[in-house]
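Encoded as structure tokens, the structure appears first; notes follow it.
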Amino acid sequence: MQFRITMCNTVQVLGLAVCLTPFALSQASPQDAPQPLPTAPAAPGAPAPAPNANPFPPSDPRDFTADSPTKQTVDDFLKASWGFDANRVWQIQAIEKTPVAGVSRIVVLVAEKNTPKQQQVQPLVFFSLPDGKHIIADAVLPFGSHPFEEYRKLLAAQADGPSRGAPSKELELVEFSDFQCPHCKDAESTIAKLVADYPSGHFVYQSFPLIRIHSEAFKAASYGVCVAKLSGNDAFFKFADAAFATQDQLTPEASDQTLKAAVTKAGGDPEKVAACAVTDATKATVNASLNLGDEIGVAATPTLYVNGRGLPLGQIPYETLRQIIDYEAQLDGITLPPHPPAPAAPSLK
């Protein structure tokens, strides 16, 4: 996962200290954490304590001093963010006023169902903003009973990059990517699996060149815009495959030749594409894609948005990624066709 500025994103998404995608919520300080009760040692040969499905201490009504958000709104938000994981349990422990008007401090206790009762749960803390649509954790994140709906509408209207899959945007998966980003190259195999597993999905490639750290990324994105414009979406994805395959040759000295070769492999005219790539109109298209990513909070590549829900592609196991997509479709009232059967294992004979 490549950061926009300088480094790879190592945020954990699916562990106990999970993020409300795409970034991790800040943890409460140690003094905020409920302390485990002392337990007597088990007698020799005694069975281990049974896992506890509700390991939380009682909440105190005096810790709910803020008028907004409501406890129901916070719970709806957590269900939208975490409900795909049936093993995760949580309790809203506090919604408190702060010295800033309209800003509330929210404390949530999180655990796994198989966590022993005596094990300390994880406290997470975030702050809701006066607009009721965002929270502050490690970043500004969408919030509410339907936290991803506004991003979903925005992407449906403005994510106009090359697309494949179903024409309907009922299930729309938008990838923000950079041709010079190694993690984006690695993620292409995951995208190919998703295209096969979700035939009713509308997949969009949205350029997000990390221009501060990748000298040839904007040029590569411009070539991609022109391949799609002059030769169509199918040609673009052939160009993308070729560009990623020769990514190590996207250098100031070799990028022109490398990108022209990728255009040729896609069946396009490299000279026409090169001339198109330097026009103001093409540059404006790439910049518009960058601005769209900025507007919805893309901070790293590759990031995949599933009906507006941002996911750090490449950090999530594939089966969990499918689980999240299926859950998001369920929340949005979408009936998905059965997944295609997995390929048969090769015979050893």
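Data overview
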item	result
Restricting the stretch 240-252 to residues that are part of a helix (DSSP H, G or I) and either touching a helix residue (DSSP H, G or I) at 6+ places or on another chain (Cβ under 7 Å) or hydroxyl-bearing (Ser, Thr, Tyr) (or both), the residue that is most open to solvent (accessible area, probe 1.4 Å)	249
Answer residue from the stretch 118-135, given it is on the phi < 0 side of the Ramachandran plot and assigned to a loop (DSSP other than H, G, I, E, B) and is nearest to the chain's Cα centre (by Cα) among those	133
Lone qualifier among 189, 200 - being surrounded by fewer than 16 Cβ atoms within 10 Å (Cβ to Cβ), modelled with pLDDT of 95 or more and not in a helix (DSSP H, G or I)	200
Whichever residue in the stretch 136-162 is part of a helix (DSSP H, G or I) and open to solvent by less than 70 Å² (accessible area, probe 1.4 Å) and, among such residues, is nearest to residue 221 (Cα to Cα)	155
The listed residue being in contact with a helix residue (DSSP H, G or I) (Cβ under 8 Å, 6 or more places away or on another chain) and either among the aliphatic types (A, V, I, L, M) or farther than 24 Å from residue 328 by Cα (or both), out of 108, 121	108
The stretch 216-233 - residue that is open to solvent by 20 Å² or more (accessible area, probe 1.4 Å) and within 25 Å of the chain's Cα centre (by Cα) and, of those, nearest to residue 291 (Cα to Cα)	218
Single condition residue 95 does not satisfy, out of (1) farther than 16 Å from residue 59 by Cβ; (2) modelled with pLDDT of 95 or more	(1)
Residues within the stretch 253-282 that are under 18 Å from residue 208 (Cα atoms) and open to solvent by 70 Å² or more (accessible area, probe 1.4 Å), tallied	2
Among (1) within 15 Å of residue 84 (Cβ to Cβ); (2) modelled with pLDDT of 95 or more; (3) in contact with a helix residue (DSSP H, G or I) (Cβ under 7 Å, 6 or more places away or on another chain) - the single one residue 336 does not satisfy	(2)
Selected residue (only one of 101, 46, 53 is open to solvent by 40 Å² or more (accessible area, probe 1.4 Å), in a loop (DSSP other than H, G, I, E, B) and modelled with pLDDT of 75 or more)	101
Residue list for the stretch 184-203, filter: among the hydroxyl-bearing types (Ser, Thr, Tyr), in contact (Cβ under 8 Å) with a residue 60 or more places away in the chain and under 20 Å from residue 242 (Cα atoms)	190
Residue tally, condition open to solvent by 10 Å² or more (accessible area, probe 1.4 Å) and either part of a strand (DSSP E or B) or among the acidic types (Asp, Glu) (or both), over the stretch 306-327	2
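For every residue, the table says whether it meets (1) assigned to a loop (DSSP other than H, G, I, E, B); (2) buried (at least 19 other Cβ atoms within 10 Å of the Cβ); (3) not polar (S, T, N, Q).
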residue: 170; (1), (2), (3): yes, no, yes
residue: 174; (1), (2), (3): no, yes, yes
residue: 179; (1), (2), (3): yes, yes, yes
residue: 183; (1), (2), (3): no, yes, yes
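The values are calculated or read from the model by the stated rules, or taken from the named source; none is laboratory data. Computed from a predicted structure; not experimentally measured. Ideal geometry is used to build each Cβ from the backbone, glycine not excepted, and the neighbour counts take in all protein chains shown. With ligands, DNA and RNA removed, areas are computed over all heavy atoms of the protein, side chains included. Shrake-Rupley method; radii C 1.70, N 1.55, O 1.52, S 1.80 Å.
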